[in-house]
Amino acid sequence: MTRLTWLALSFMVAAPLAASDQLSGDRQQELRNVLIQDCGSCHGLTMHGGLGPALVPDRLAGKSIEYLSIVILNGRPGTAMPAWRSLLSPAEARWMANQLLQGEVQ
């Protein structure tokens, strides 16, 4: 079993089903700001692409919340995408991934 497969499986088992239930409204607003300011600095302020690829629903079609959460937490080696694990919890990464999939980042 590859390391990424192991991480994916362990994350799916440990990840809460309703991450938004565990995050305060204030924390959700802070995470929206991270998406717009920090992620937007590479992916574009409207998530339509820049240095990094577009992160809009039609471009993310077929990608699961679990997959996107793992990318958020671990980054993408060999690219400019950093790991956010030291700043975000798995529940927060799931919440952010859901926001991206729903197109609710603006």
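Quick note: the coordinates plus some simple rules give every number you see, no bench work behind them. Given the structure is predicted, the values throughout are model-derived calculations rather than measurements. Because the Cβ atoms are built from the backbone with ideal geometry, glycine has one as well, and the counts that use them run over all protein chains shown.
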For the stretch 55-75, which residues satisfy the criterion of being in a loop (DSSP other than H, G, I, E, B) and either of a type in the set (A, V, I, L, M) or closer than 18 Å to Leu101 by Cβ (or both)? Leu55, Val56, Ala61, Gly62, Lys63, Ser64
Looking at the stretch 71-94, which of the residues that are of a type in the set (S, T, N, Q) and under 11 Å from the mean Cα position of the chain (by Cα) is farthest from Gly25 (Cα to Cα)? Asn74
Hey, does the stretch 32-54 have a residue that's surrounded by fewer than 18 Cβ atoms within 10 Å (Cβ to Cβ), part of a helix (DSSP H, G or I) and among the charged types (D, E, K, R)? yes
